[in-house]
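Okay, structure first, notes after.
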Amino acid sequence: MNRLFWTVTLEGQPPVIGSIPAEGEVRINIDVPSGTIKAITAHLYCPMEKTEKAFFNGYQSWSWSPEVVRDDRQRGVDHIPKLLLKQYSFDRYGDYHFWKYPRKKGCFHGYSYGYIRREESYRLFASLDERLGYTIFSYDANTGEMTITRDCAGVRHPGGVLSAFSLYFAEGTENSVFDGWFAAIGCRPRTSKKLAGYTSWYNRYEAITEQDVRNDLAGCCDLMHPGDLFQIDDGWEPHVGDWTKPDMEKFPGGMKALSDTIHESGFMSGLWLAPFVCTEKSSVFRNHPDWLLKVEGKPWKCGCNWGGFYALDIDVLAVQEYLAGVFDRLFTKWNFDLVKLDFLYAAAPFGTADESRSGRMYRAMELLRKWCGDKLILGCGVPLMPAFGLVDYCRIGCDVSLDWDDVLYMRAFHRERVSTRHSLDNTLYRRQLSGRAFGNDPDVFFLRKENCKLTPAQKKQLAETNAQYGQVLLISDDPSSYTEEMRREYERVRGMWDKEL
Ligand code: 9PG
């Protein structure tokens with residue numbers, strides 16, 4: 001690493017520029033008059049050898065974030081036909097709607113941190129605080145030029161000290177650079193406890209009923225250990241957005257009785273919800289058009305799951321009151337111990353004239369923590385750094401598929417798509433966050449034969465990678481179908497996982 005040349009420009013004012021060695025903690029605080037930020041950027045020359053590998057952290061949990069070499073390409077969604085893009089909103093899952101992907105070999109970008117490494121020696125570049133705006137590292141391996149952009153153009157500053165950049169640079173072993181970074185942030189994980197268990201998603205998906213869940217629970221009793229997690233995923237609610245009662249046809253006994261049975265079985269109970277979104281069919285959408293986040297006067301679509309879904313506006317007081325009530329019911333009436341909070345990126349696709357995108361995301365995460373008190377949160381579909389130290393556990397990759405890399409045509413789509421292959425990459429390449437920011441959830445592994453096309457070798461690789469790098473270790477099978485051999489394999493994988501730090 002060498003010198004960092006930085007520029008801060010406010011609308012209608014001359015740029016302020018400076019340079020400083022890119023070493024250790026670099027905090028650029030400058031005094032500015034009040035005004036609107038036009039651009040905050042920095043440049044750094046850090047060439048990368050042909051034999052070196054680099055990592056750029058993707059926008060959110062699901063964003064595929066592999067290590068790359070100089071000749072690789074990072075693909076956005078520009079290659080997807082406009083019609084498909086409009087229909088499926090693939091650009092809304094990631095950063096595509098606000099960041100331009102250069103269609104050029106060797107050009108990469110990432111959020112909040114990244115590194116270039118030669119074997120065991122890492123050169124880490126990272127942010128210490130993202131509140132003013134995401135720190136976007138974009139790199140051209142062809143020239144060795146790194147551009148650092150603070151994602152806060154258009155945001156008003158009241159005048160006074162502007163923390164233009166809070167950066168961290170370090171060179172050394174994996175542990176030394178990541179320990180150094182987290183010490184400099186002052187971030188500690190909320191828990192060091194490991195979490196094993198079950199989630200209902202990766203078998204019947206949304207098509208779960210109370211009977212299915214009770215059936216799987218009975219199977220889990222003969223396999224899982226006391227204190228493990230039994231988590232009900234998407235499919236219990238009448239519509240995404242409506243979280244005050246279950247779908248009474250599918251869950252006639254209600255959620256409290258189910259949570260109580262989970263406890264009687266010796267497990268912690270967990271429930272999935274996507275607090276910041278709703279579908280058109282939900283009563284939230286139909287009865288409260290004023291609760292929706294509007295962009296240019298129109299509700300903001302966040303993707304195509306459930307036939308399309310929209311963001312709620314966290315600044316509408318009634319939304320906050322509604323969600324506070326939802327969490328209160330869930331924890332105090334229904335007795336759940338953990339919530340899997342999903343599609344969180346929807347809270348902050350944009351900032352406002354007074355707050356950046358990431359500032360808004362931090363605020364959304366802090367609201368969740370306030371509403372959940374000391375209960376456990378498993379974050380999912382969330383930009384990672386605003387979740388540091390706030391969620392107990394966090395998904396760090398996309399959903400596994402029931403095969404290796406999903407169907408062929410899907411492979412052409414976005415970086416957040418469902419894929420076992422991509423999930424494994426993220427489990428490996430975001431491993432350093434586990435035990436430092438939160439406990440990493442690598443997503444589930446499979447032992448079952450039915451309804452899963454992974455080969456025995458792929459299942460083994462998935463199980464062992466999750467056991468080695470995850471603080472969370474979940475299955476999504478009905479264990480009553482397990483053979484003796486599968487039970488032995490479960491214990492073997494758990495044994496491996498227990499031994500890891
Ligand atoms: C419930 C699921 C499960 C799962 C979550 C999340 O980009 N996509 O098309 C996409 C589809 C599904 C998805 C994530 C991304 O799954 O990760 O564990 O809870 O929601 O609906």
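The values are calculated or read from the model by the stated rules, or taken from the named source; none is laboratory data. Predicted model, so just to flag it, every value in this text is computed and none were measured. Backbone-built Cβ (ideal geometry, glycine too); neighbour counts: all protein chains shown. Note: accessible area is taken over every heavy atom of the protein model, side chains too, but ligands, DNA and RNA are not part of it. Shrake-Rupley method; radii C 1.70, N 1.55, O 1.52, S 1.80 Å.
Being of a type outside the set (Phe, Trp, Tyr) and open to solvent by 40 Å² or more (accessible area, probe 1.4 Å) is a property that holds for Arg431.
Exactly one residue among Phe55, Phe137 is touching a helix residue (DSSP H, G or I) at 6+ places or on another chain (Cβ under 7 Å), of a type outside the set (A, V, I, L, M) and not in a loop (DSSP other than H, G, I, E, B), and that residue is Phe55. Considering only residues of the stretch 164-204 that are within 16 Å of the ligand (Cβ to nearest atom) and in contact with a strand residue (DSSP E or B) (Cβ under 7 Å, 6 or more places away or on another chain), which is farthest from Gln432 (Cα to Cα)? Here the residue is Ser200. Arg190 satisfies every condition listed in (1) assigned by TED's automatic domain parsing to the domain that holds Arg27; (2) open to solvent by 40 Å² or more (accessible area, probe 1.4 Å) except (1).
Taking Ala207, is it among the aliphatic types (A, V, I, L, M), surrounded by fewer than 18 Cβ atoms within 10 Å (Cβ to Cβ) and either closer than 14 Å to Leu473 by Cα or away from the ligand (no atom under 13 Å from the Cβ) (or both)? When the stated conditions are applied, Ala207 does not pass them.
Reported count of residues in the stretch 259-274, each being assigned to a loop (DSSP other than H, G, I, E, B) and within 16 Å of the ligand (Cβ to nearest atom), is 1. Return yes or no: is Ala324 within 16 Å of the ligand (Cβ to nearest atom), assigned to a helix (DSSP H, G or I) and at negative phi? Answer is no for this residue.
Residues that are within 16 Å of the ligand (Cβ to nearest atom), within 22 Å of Arg494 (Cβ to Cβ) and assigned to a loop (DSSP other than H, G, I, E, B) within the stretch 222-258 comprise just one, Asp233. Screening Tyr310 against (1) hydroxyl-bearing (Ser, Thr, Tyr); (2) within 16 Å of the ligand (Cβ to nearest atom); (3) out of contact with any strand residue (DSSP E or B) (no Cβ under 9 Å at 6 or more places or on another chain) leaves a single unmet condition, (3). Per the listing Val284, Val213, the residue uniquely among the β-branched types (Val, Ile, Thr), open to solvent by less than 40 Å² (accessible area, probe 1.4 Å), out of contact with any helix residue (DSSP H, G or I) (no Cβ under 6 Å at 6 or more places or on another chain) and closer than 25 Å to Arg487 by Cβ is Val213. Of the residues Arg487, Arg448, Arg436, the single one that is touching an Asp or Glu at 6+ places or on another chain (Cβ under 9 Å), modelled with pLDDT of 95 or more, among the charged types (D, E, K, R) and within 21 Å of Pro66 (Cβ to Cβ) is Arg436.
Exactly one condition in (1) touching an Asp or Glu at 6+ places or on another chain (Cβ under 7 Å); (2) within 14 Å of the ligand (Cβ to nearest atom) is false for Met385; which is it? Exception for Met385: condition (2). Within the stretch 393-432, the set of residues being touching a strand residue (DSSP E or B) at 6+ places or on another chain (Cβ under 6 Å) and either more than 16 Å from the ligand (Cβ to nearest atom) or part of a helix (DSSP H, G or I) (or both) comprises just one member, Tyr429.
In the stretch 426-446, the residues that are closer than 22 Å to Val339 by Cα form Cβ pairs under 7 Å with partners that are of a type in the set (A, V, I, L, M) and open to solvent by 10 Å² or more (accessible area, probe 1.4 Å), at six or more places apart or across chains, as follows: Gly435/Leu501.
Just one residue in the set Val240, Val316, Val284 is under 22 Å from the mean Cα position of the chain (by Cα) and in contact (Cβ under 8 Å) with a residue 12 or more places away in the chain; that residue is Val240. Against the numbered list (1) within 20 Å of the chain's Cα centre (by Cα); (2) within 16 Å of the ligand (Cβ to nearest atom), Met365 comes up short only at (2). Right, Gly219: away from the ligand (no atom under 15 Å from the Cβ), over 21 Å from Asp374 (Cβ atoms) and in contact (Cβ under 8 Å) with a residue 60 or more places away in the chain or not? It is true that Gly219 is away from the ligand (no atom under 15 Å from the Cβ), over 21 Å from Asp374 (Cβ atoms) and in contact (Cβ under 8 Å) with a residue 60 or more places away in the chain.
Only residues that are closer than 13 Å to Asp72 by Cβ and assigned to a loop (DSSP other than H, G, I, E, B) were counted across the stretch 104-119, and they come to 3. Annotation for the stretch 344-357: at least one member residue is open to solvent by less than 20 Å² (accessible area, probe 1.4 Å), under 25 Å from Val155 (Cα atoms) and more than 16 Å from the ligand (Cβ to nearest atom). Note on the stretch 88-100: residues that are assigned to a loop (DSSP other than H, G, I, E, B) and either within 11 Å of the ligand (Cβ to nearest atom) or open to solvent by 10 Å² or more (accessible area, probe 1.4 Å) (or both) total 8.
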